[in-house]
Amino acid sequence: YNRGNVKQNLNDCKGAIADYNIVIEDLKYYNSKAYCSRGEAKQQRGDYKGAIEDYTNSIERDNQYAAAYFNRGKAKIAIKQKDEGCVDLYKANELGFVPAYDSIQKLCPK
């Protein structure tokens, strides 16, 4: 998992995804952070639908994981699902994820 994080920080998203796959599939480490991190790497590569799927898996494992809602919201907005994306951003904000507030102001004006 940590090696995947380092690879992602070095913009080696393909390598990061491979490491997260090992964590999730081979090690049966089905925690929300591993799914969220893999989703971030997929989103960084432009695979928004794959990212949304991973963020959803993350939320299913921990429905209080604000970063997963935030990232899923941004991914949905990127693929023109603005209403659904804004719902996720509001949920992230409700859970105390500070960056969500600014994104709501920019992307989800009332």
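Filter the stretch 27-45 down to the residues that are open to solvent by 50 Å² or more (accessible area, probe 1.4 Å) and part of a helix (DSSP H, G or I) and list them by number.
Within the stretch 27-45, LYS33, GLU40, GLN44 qualify.
For the stretch 67-80, name all the residues that are crowded, with 17+ Cβ neighbours inside 10 Å and either among the basic types (Lys, Arg) or over 12 Å from the mean Cα position of the chain (by Cα) (or both).
Within the stretch 67-80, ARG72, LYS74, LYS76, ILE77 qualify.
Quick test for you: out of ILE52, ILE59, ILE24, pick the one residue that is closer than 18 Å to ARG3 by Cβ, out of contact with any Leu (no Cβ under 9 Å at 6 or more places or on another chain) and open to solvent by less than 30 Å² (accessible area, probe 1.4 Å).
After ruling out the rest, the residue left standing is ILE24.
Residues checked against (1) closer than 24 Å to ALA34 by Cβ; (2) in a helix (DSSP H, G or I):
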{"position": "ALA67", "(1), (2)": "yes, yes"}
{"position": "LYS80", "(1), (2)": "no, no"}
{"position": "GLU84", "(1), (2)": "yes, yes"}
{"position": "ILE104", "(1), (2)": "no, yes"}
{"position": "PRO109", "(1), (2)": "no, no"}
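Of the residues in the stretch 86-100, how many are surrounded by 14 or more Cβ atoms within 10 Å (Cβ to Cβ) and either modelled with pLDDT under 95 or part of a helix (DSSP H, G or I) (or both)?
Residues meeting the conditions: 10.
Looking at the stretch 1-16, is at least one residue of a type in the set (Phe, Trp, Tyr), within 22 Å of GLN64 (Cβ to Cβ) and crowded, with 19+ Cβ neighbours inside 10 Å?
No: the stretch 1-16 contains no residue that is of a type in the set (Phe, Trp, Tyr), within 22 Å of GLN64 (Cβ to Cβ) and crowded, with 19+ Cβ neighbours inside 10 Å.
The values are calculated or read from the model by the stated rules, or taken from the named source; none is laboratory data. Predicted model only: the values in this text are computed from it and were never measured. Glycine gets a Cβ as well: all are built from the backbone with ideal geometry, and neighbour counts include every protein chain shown. Accessible surface areas use protein heavy atoms only, side chains included; no ligands, DNA or RNA. Shrake-Rupley method; radii C 1.70, N 1.55, O 1.52, S 1.80 Å.
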